[in-house]
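Presented below is the structure to which this report refers.
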Amino acid sequence: MPLISVALIFGGKSAEHEISIISAKSIAANISTQRYRVVPVYITCDGVWLSEGIARDILNLDLSALLRASSQAAVSSTLNDMVQQARQKPFDFDFKAAGIDVAFIALHGSYGEDGRIQGFLDTCGIPYTGCGVLASSLTMDKALTKLCAADAGLVVAPSITLFSADYHADPEAAHKEIEKQFEYPFFVKPANLGSSVGISKVHSTEALPHALESACSLDSKVLVEKAITGREIEVAILGNEQPQASICGEIEPGGDFYDYEDKYMHNAAKLFIPARIPDDLQKEVQSAALKTFKALGCKGMSRVDFFVDENSRNIVLNEVNTIPGFTDISMFPRLMEATGISFSELVERLIQLAQENSKTFNSIGL
Ligand SMILES: Nc1ncnc2c1ncn2[C@@H]1O[C@H](COP(=O)(O)OP(=O)(O)O)[C@@H](O)[C@H]1O
Ligand SMILES: [Mg+2]
């Protein structure tokens with residue numbers, strides 16, 4: 001059997017650039033070299049594509065150790081130095097000439113998880129892992145995700161959508177309208193970001209302007225959302241037309257909520273697999289996750305996040321992550337592992353699902 005050539009695409013133009021490199025490293029370490037040939041493709045922060053030598057060197061860096069030992073700025077500057085040396089030989093986007101059979105997208109956030117790279121690969125005729133264009137961009141937008149999921153019968157947190165231009169035109173009117181509709185505390189969040197960037201839990205009138213200004217400076221659309229009580233429960237989904245749900249995992253935030261520091265710096269959040277909820281409730285959450293995956297047209301994989309209250313048994317959809325973290329310690333591979341699918345099996349299944357999907361739905365992007 002000839003080896004299947006996999007372009008492992010990582011880095012990218014999002015705030016999660018470094019996490020993407022660490023995800024790609026885990027994927028590369030878990031891919032069977034007897035069946036696959038990995039062609040690393042590194043996208044710099046400013047959108048330059050680099051392949052082979054330099055991409056492999058970056059993949060081989062121990063970035064987790066570097067991030068622990070120095071600042072993120074120092075890590076960025078190391079990466080920059082390496083890139084400057086390599087830019088004389090730019091990658092020419094010719095996947096066919098490079099013999100690529102399938103792309104493994106190990107990018108997170110904007111430009112990676114939002115349908116843009118998926119559309120690009122569709123136009124190149126290259127099958128890729130995970131969701132297509134529509135599901136990727138839909139789930140990137142928290143307001144549209146909720147609209148579609150609610151239409152499919154899922155429960156979502158009551159919220160209003162605010163346009164940043166309207167807010168800047170008349171902040172006072174926005175403050176009044178929000179206070180009329182919501183009791184403190186509530187959440188303010190940019191519609192299209194991730195990693196908790198720009199998200200605030202607002203406890204008082206005094207804190208409201210700053211929360212809105214910060215979210216409105218990052219996105220043209222912002223959600224104001226009722227604070228939901230309950231455990232944060234996450235389910236990993238794998239498959240195309242007949243997706244499977246993992247057992248449920250639980251995140252216990254270290255602070256007031258699961259914010260950026262908690263996710264990437266303090267490591268104070270606790271992770272529980274399985275989640276600390278009764279079995280029958282776990283089954284209900286799994287079926288809500290599958291229903292969400294199907295309703296939003298997801299393919300390949302997604303991590304579906306909920307708030308679950310074991311007393312009221314309310315299951316509230318929070319959001320869908322179509323390219324969840326893929327490091328050794330990330331929730332998605334750990335949930336799969338706990339469900340009986342090892343990291344290397346997971347990588348293999350995702351590549352197979354990408355190839356199957358491209359045969360069935362050639363370039364429709366759904
Ligand atoms: N409506 C809400 N009620 C309670 N907690 C919330 C709510 N919205 C967000 N949070 C908290 O903020 C965190 C990040 O919000 P989330 O919507 O998941 O954005 P991100 O895409 O950045 O992960 C959640 O994990 C949770 O801790
Ligand atoms: Mg989240």
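The values are calculated or read from the model by the stated rules, or taken from the named source; none is laboratory data. In this text the structure is predicted, and so the values were computed from the model without any measurement. Here Cβ is always computed from backbone atoms with ideal geometry, including for glycine, and neighbour counts include all displayed protein chains.
A few remarks follow.
- Subset of the stretch 305-332 that is of a type outside the set (Ser, Thr, Tyr), more than 23 Å from Leu144 (Cα to Cα) and touching a Lys or Arg at 6+ places or on another chain (Cβ under 9 Å) - its residue that is farthest from ligand 1 (Cβ to nearest atom): Asp328
- Helices (runs of 4 or more DSSP H) wholly inside the stretch 135-222 containing at least 3 residues that are under 30 Å from Ser287 (Cβ atoms) and not hydrophobic (A, V, I, L, M, F, W, C): 142-151
- Here Ile199 clears all of (1) modelled with pLDDT under 95; (2) in the same structural domain as Gln286 (by TED's automatic domain parsing) except the condition numbered (2).
- Condition met for Ile251 (among the β-branched types (Val, Ile, Thr), within 13 Å of ligand 2 (Cβ to nearest atom) and outside any loop (DSSP other than H, G, I, E, B)): yes
- Filter result for Cys131 (buried (at least 24 other Cβ atoms within 10 Å of the Cβ) and hydrophobic (A, V, I, L, M, F, W, C)): yes
- Of all residues in the stretch 5-56, those satisfying the criterion of being touching a Pro at 6+ places or on another chain (Cβ under 8 Å) and surrounded by fewer than 19 Cβ atoms within 10 Å (Cβ to Cβ) are Val48, Trp49, Glu52, Arg56.
- Residue that is nearest to the chain's Cα centre (by Cα), among those in the stretch 258-296 that are within 11 Å of ligand 1 (Cβ to nearest atom) and crowded, with 16+ Cβ neighbours inside 10 Å: Lys263
- Failed condition for Gly109, given (1) modelled with pLDDT of 95 or more; (2) crowded, with 18+ Cβ neighbours inside 10 Å; (3) not in a helix (DSSP H, G or I): (1)
- Residue within the stretch 328-336 that is in contact with a Gly (Cβ under 6 Å, 6 or more places away or on another chain) and part of a helix (DSSP H, G or I) present: yes
- Among the candidates Gly300, Gly340, residue that is on the phi > 0 side of the Ramachandran plot and crowded, with 18+ Cβ neighbours inside 10 Å: Gly300
- Among the residues of the stretch 209-222, some residue qualifies, meaning at least one is buried (at least 18 other Cβ atoms within 10 Å of the Cβ), touching a residue at least 60 places away in the same chain (Cβ under 8 Å), more than 22 Å from Asp279 (Cα to Cα) and touching a Ser or Thr at 6+ places or on another chain (Cβ under 7 Å).
- Reported count of residues in the stretch 17-50, each being among the hydroxyl-bearing types (Ser, Thr, Tyr), within 20 Å of the chain's Cα centre (by Cα) and outside any helix (DSSP H, G or I), is 2.
- Residue in the stretch 170-226 that is farthest from Glu16 (Cα to Cα), counting only those that are more than 16 Å from ligand 2 (Cβ to nearest atom) and of a type in the set (S, T, N, Q): Gln181
- Test: Ser302 is assigned to a loop (DSSP other than H, G, I, E, B), over 30 Å from Ser71 (Cβ atoms), within 15 Å of ligand 1 (Cβ to nearest atom) and of a type outside the set (A, V, I, L, M, F, W, C): no
For (1) within 22 Å of Pro324 (Cβ to Cβ); (2) touching a residue at least 40 places away in the same chain (Cβ under 8 Å); (3) within 12 Å of ligand 1 (Cβ to nearest atom), each residue gets a yes or a no:
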position: Ala152; (1), (2), (3): yes, yes, no
position: Val156; (1), (2), (3): yes, yes, yes
position: Ser159; (1), (2), (3): no, yes, yes
position: Tyr167; (1), (2), (3): no, yes, no
position: Asp170; (1), (2), (3): no, no, no
position: Phe187; (1), (2), (3): yes, yes, yes
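- Boolean, Gly194 is at positive phi and not assigned by TED's automatic domain parsing to the domain that holds Gln282: no
- Test for Leu121: is it in a helix (DSSP H, G or I), assigned by TED's automatic domain parsing to the domain that holds Ile315 and surrounded by 17 or more Cβ atoms within 10 Å (Cβ to Cβ): no
Yes/no matrix, rows are residues, columns are (1) more than 15 Å from ligand 2 (Cβ to nearest atom); (2) touching a residue at least 24 places away in the same chain (Cβ under 8 Å); (3) not in a strand (DSSP E or B):
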{"site": "Ile228", "(1), (2), (3)": "no, yes, yes"}
{"site": "Glu234", "(1), (2), (3)": "no, yes, no"}
{"site": "Leu238", "(1), (2), (3)": "yes, yes, no"}
{"site": "Gln242", "(1), (2), (3)": "yes, no, yes"}
{"site": "Thr292", "(1), (2), (3)": "no, yes, yes"}
